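Heads up, the thing below is written out as structure tokens.
The values are calculated or read from the model by the stated rules, or taken from the named source; none is laboratory data. Bear in mind the structure is a predicted one, so any value in this text is a computation, not a measurement. All Cβ positions, glycine included, derive from the backbone under ideal geometry; neighbour counts span all protein chains shown. These area figures cover heavy atoms from the full protein model, side chains too; ligands, DNA and RNA do not enter into them. Shrake-Rupley method; radii C 1.70, N 1.55, O 1.52, S 1.80 Å.
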Amino acid sequence: MLHTVEHPLIAEELTKLRDPECPSPEFRQRVRRIASLMVATVTANFETTVVACSTPLEITSGVKVSRGIILVPILRAGLGFLDGFLDLIPQASVAHIGLARNEKTLLAEPYYLKHPPNLEEDEIIILDPMLATGGSAIEAVRSLREAGARHIRFACLVAAPEGVSALEQAFPDLAIYAACLDRCLNSCGYILPGLGDAGDRLFGTCR
Ligand code: PRP
Ligand code: URA
């Protein structure tokens with residue numbers, strides 16, 4: 001199910017991010033800020049456990065998040081989305097999944113996967129700024145499930161309706177979080193209005 005994270009600050013950051021004149025250093029900062037602004041919503045229904053807690057004055061009760069947290073950026077562009085999550089969840093482990101979209105077939109081709117062992121009980125958040133055809137997200141969820149993950153959610157910046165439908169069809173129980181649901185894909189599989197190639201814009205590889 002898709003949850004769009006609506007917030008005036010996110011909407012303003014995204015507006016500036018779409019501008020093709022926004023240079024890489026500024027683009028990275030804005031993506032990081034949006035990611036941080038999304039964290040509270042993406043993690044809002046994490047299970048918590050009541051724990052004893054001391055204050056300087058007495059013993060009371062507090063809470064802790066029940067499960068470990070693993071952030072999984074999809075390389076490359078997911079790295080740009082990672083820092084804003086790590087800023088607010090520094091205790092999270094980070095797994096990496098390498099997927100490159102074949103620009104002709106639009107199929108996601110896996111090239112790397114490294115995750116902590118025994119991830120069955122952890123909360124997994126897959127991170128990728130762009131959900132276009134959904135191929136990369138589907139492959140990421142599939143690989144992590146194969147590795148044993150059971151509590152997976154997916155967070156992106158901009159989603160296309162086509163990608164949301166494909167991901168929902170593949171994994172009906174998956175929670176999908178997006179800062180914005182855009183209009184559609186163009187014939188090359190780019191999101192419209194979108195923000196172009198997120199990896200290239202983050203890492204300055206589109207001179
Ligand atoms: C982009 C983006 C997603 C994917 C989305 O990555 O970061 O991972 O495309 O498209 P999809 O939903 O159609 O699969 P790309 O494969 O271009 O690699 P990059 O991050 O290295 O630029
Ligand atoms: N990947 C991107 O970086 N941008 C798009 O619009 C689609 C896929």
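Could you please let me know if SER66 is closer than 16 Å to LEU157 by Cβ, open to solvent by less than 70 Å² (accessible area, probe 1.4 Å) and modelled with pLDDT of 95 or more?
So SER66 fails the test.
One residue stands out among those in region 99-119 that are assigned to a loop (DSSP other than H, G, I, E, B), of a type outside the set (D, E, K, R) and open to solvent by 50 Å² or more (accessible area, probe 1.4 Å): the one that is nearest to ligand 1 (Cβ to nearest atom), which is LEU107. With a requirement of 2 or more residues that are among the small types (Gly, Ala, Ser) and within 23 Å of THR15 (Cβ to Cβ), the helices (runs of 4 or more DSSP H) lying completely within region 132-207 that satisfy it span 198-203. When region 44-98 is limited to residues that are polar (S, T, N, Q) and touching a strand residue (DSSP E or B) at 6+ places or on another chain (Cβ under 6 Å), the one that is nearest to ligand 1 (Cβ to nearest atom) turns out to be SER93.
Scanning region 151-173 for residues that are without any contact (Cβ under 8 Å) to a residue 24 or more places away in the chain and more than 27 Å from ARG33 (Cα to Cα) yields GLN169, PRO172, ASP173. When restricted to residues that are within 11 Å of ligand 2 (Cβ to nearest atom) and either modelled with pLDDT under 95 or open to solvent by 10 Å² or more (accessible area, probe 1.4 Å) (or both), region 149-166 contains 1. Among the conditions (1) open to solvent by less than 40 Å² (accessible area, probe 1.4 Å); (2) at pLDDT 95 or above, the only one that GLY204 does not satisfy is (2). Scanning region 167-180 for residues that are of a type in the set (A, V, I, L, M, F, W, C), away from ligand 1 (no atom under 14 Å from the Cβ) and surrounded by fewer than 17 Cβ atoms within 10 Å (Cβ to Cβ) yields a total of 1.
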